[in-house]
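Encoded as structure tokens, the structure appears first; notes follow it.
The values are calculated or read from the model by the stated rules, or taken from the named source; none is laboratory data. All values derive from a computational prediction rather than experimental measurement. Backbone-built Cβ (ideal geometry, glycine too); neighbour counts: all protein chains shown.
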Amino acid sequence: LEYRDTNFFWRELMLASSLGQMGRVEDAQAAAAELLRVKPQFAHRGRRLIAHYIKPEELRATIAEGLERAGIDLA
């Protein structure tokens, strides 16, 4: 919650995925909506963008699962 970087989308991504993993669906969906507002093409490019910074496949899968629970299906 303390991560602040208004130029990028990582804060919203971390919130949406983490809240989705915790089962806080309404909060996760709100964070996902903000993520898509900041980065409109994220659903189509998200896997590639995440892979640039997150190398372990297991961690990428966990992030994608949290995002899916938040309502973002990555292409």
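The figures follow:
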{"read-out": "Top-ranked residue of the range 59-75 - restricted to ones that are over 15 Å from A33 (Cα atoms) and hydrophobic (A, V, I, L, M, F, W, C), ranked as modelled with the lowest pLDDT", "value": "A75"}
{"read-out": "Identity of the residue in the range 34-44, part of a helix (DSSP H, G or I) and in contact (Cβ under 8 Å) with a residue 12 or more places away in the chain, that ends up farthest from L13 (Cα to Cα)", "value": "H44"}
{"read-out": "Per-region count, the range 47-75, residues not small (G, A, S) and not in a helix (DSSP H, G or I)", "value": "6"}
